[in-house]
1. Being at positive phi and away from chain B (no Cβ under 11 Å) narrows it down to one of A:388, A:398, A:373, A:422, so name that one.
2. Name the residues in segment B:72-93 that are touching a residue at least 24 places away in the same chain (Cβ under 8 Å), within 9 Å of chain A (Cβ to nearest Cβ) and within 22 Å of the chain's Cα centre (by Cα), would you?
3. Which condition number does residue B:118 fail, the rest of (1) under 21 Å from residue B:219 (Cα atoms); (2) free of Cβ contacts under 8 Å to residues at least 12 places away in the same chain being met?
4. Looking at segment B:2-116, what helices (runs of 4 or more DSSP H) fall wholly within it and have at least 3 residues that are modelled with pLDDT of 90 or more and at negative phi?
5. Give B:298, B:311 a once-over and let me know the one that is within 18 Å of the chain's Cα centre (by Cα), crowded, with 18+ Cβ neighbours inside 10 Å and not in a helix (DSSP H, G or I).
6. Here is a list: B:282, B:250. Which entry is more than 13 Å from chain A (Cβ to nearest Cβ), over 24 Å from the mean Cα position of the chain (by Cα) and either in a loop (DSSP other than H, G, I, E, B) or on the phi > 0 side of the Ramachandran plot (or both)?
7. Give me the residue from segment A:80-98 that is surrounded by 15 or more Cβ atoms within 10 Å (Cβ to Cβ) and assigned to a loop (DSSP other than H, G, I, E, B) and, out of that set, modelled with the lowest pLDDT.
8. For segment A:99-113, enumerate the residues that are in a strand (DSSP E or B) and surrounded by 12 or more Cβ atoms within 10 Å (Cβ to Cβ).
């Protein structure tokens, strides 16, 4: 059985090895323009249009009492005005020197009053918008793009959901700590990369770490609780305690900031009619292959059949000679690895690693699992893909971007109203 | 390290308005989970509905205090109805997932930029407590080392806690409460006696939810601000910790649980900060010390559930689920 796991992890690894994109987008590091060295204090900034391209040759003036300083932005868009003393200055951008078709964005105050606070350098940001603000976006194009992005998101959700669903199926536990298993994968990749390990090794170690965490959880916590005959509701509350503890242990070591994994920046590429970032494309491919492998293992191998038997009826499975405990152990290890992989892909999708990134999608994972039917693996897959696509598509149909998760959660509640067992679930599972 | 100060500030947490709010919300959870067996993981949502219901009706519609209070209560009742209709027929874990999702929906909605003019988005709302403090009967001055505002909010908060405790106690020893406990023990048995289990569950959900909404108001009044970040899922989990500390199927359990929770949090913070300042502990900084406390809460929740699920004062016979 372990050989199978090894095969899965090896194929995942192979994929990820190929996946390491060589497009480390190095953003040009801003160099300060030559400033008037006779002054201690500076007012400075960078002028970039809404496509991040630098704006050169724009004149900016700073005035205070009888002092007037002028600067012209350089090739990389930077400008710097040395000023004799701190205080409040009136900064004005000469809009007539702006390049053709570029205007200040709506609501940008010009001229504006700026005040130094404690530092000797004061940066002033001007935002720019296109001359013609209304940019007609092709609806069909947009729909297609979001559909592909949603599929990519849904499949990475499915990685975590399948693990959660397998665990629920075999042990009956609704594991609220699954979000932390997702976070762990991404955090471990970041930690191993920070140790200057090669990218592929970092990913491999993170996946192993995820599997180990799953194993340790089962061995140290859930198996003893099962032996004691602890009820499902107390176990659920224990999992909440575990989630809290692990989340803040991660924050304890990782900190509260958002970090980026290597190769996190990738410019969108055009693939036929769809524009997609290479990372999303890799994510889509990796999760599709991994899920296919899981599906094949579940349907075709002895281990898969044993797992499904345990999920169906543990007592009957035990009676027919299946080692239920070892099946559950393997499910936990696999679940941990899948969650870790999901977390790594989620870190690229967002993009960024934070200590609470897993709990941020935990409810979407639950939504996917519930939609598909608690405890059914293929239901979890279908449910997650629906949730992923739904989350991305709601923005196309006019829902505010910061509400896009609400739609998915709402749909879950509506489905429970009409089909509580979920899409592939069976009636008898509903109490 | 000044132990006197650390102890004094920890003791101060016993009667702080925040503790009162936690006690009220945990009492609501006791009605839900302890007495009715409803696994509500969205108590933070009820608190948010209460706080925002009051703040929005005061700020946007300019209603007087008591009307704002009424609106908050009605809003939380409607929220309970919306939650209960699809889920109360379902199994415990479904209810848990749906309630936690609904609480998050509430938080997402009050955070969205589209409603900034009403909800204040991520910054929240402020300056709605004037109507409350204008009723303050205590003239300015010092009351047991507090100013008149602090004293007033404590009196009101803990008065409300006492009132609600009495109410819950009376309810639970009434025939209505016995049916509720019966539902917790065996739903089908109660149903076979001809009781409408669904209606009883819904009433319990509403009562506990209203207690949560009141708690949300008590929570925001001393701060003078309501912010969506305060109503995340962690809040619900902290409330469960309070409830489990004190005891599930008890009236005073949640109150004492909330007191223990805040005293322990304050003590660990004081001692950790003291140790860091005196240089005795160098392996963590003050930010990490704050996180260490949450780790302790999580571990405490696990250990409580595993080793003493009935809590400090609970009765093991009252634990139908364990």
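1. Only one candidate qualifies: A:373.
2. Hits for segment B:72-93 are B:83, B:92, B:93.
3. Condition (2) is where residue B:118 drops out.
4. So the answer is B:17-29, B:43-59, B:65-87, B:92-111.
5. Working: B:298 fails: not in a helix (DSSP H, G or I).
After ruling out the rest, the residue left standing is B:311.
6. Values: B:250 fails: over 24 Å from the mean Cα position of the chain (by Cα).
Of B:282, B:250, the one residue that is more than 13 Å from chain A (Cβ to nearest Cβ), over 24 Å from the mean Cα position of the chain (by Cα) and either in a loop (DSSP other than H, G, I, E, B) or on the phi > 0 side of the Ramachandran plot (or both) is B:282.
7. A:86
8. Passing the criteria: A:102, A:103, A:104, A:112.
The values are calculated or read from the model by the stated rules, or taken from the named source; none is laboratory data. Values in this document were obtained by computation on a predicted structure and should not be read as measured data. When we count neighbours, we look across all protein chains shown, and the Cβ atoms used for this are built from the backbone with ideal geometry, even at glycine.
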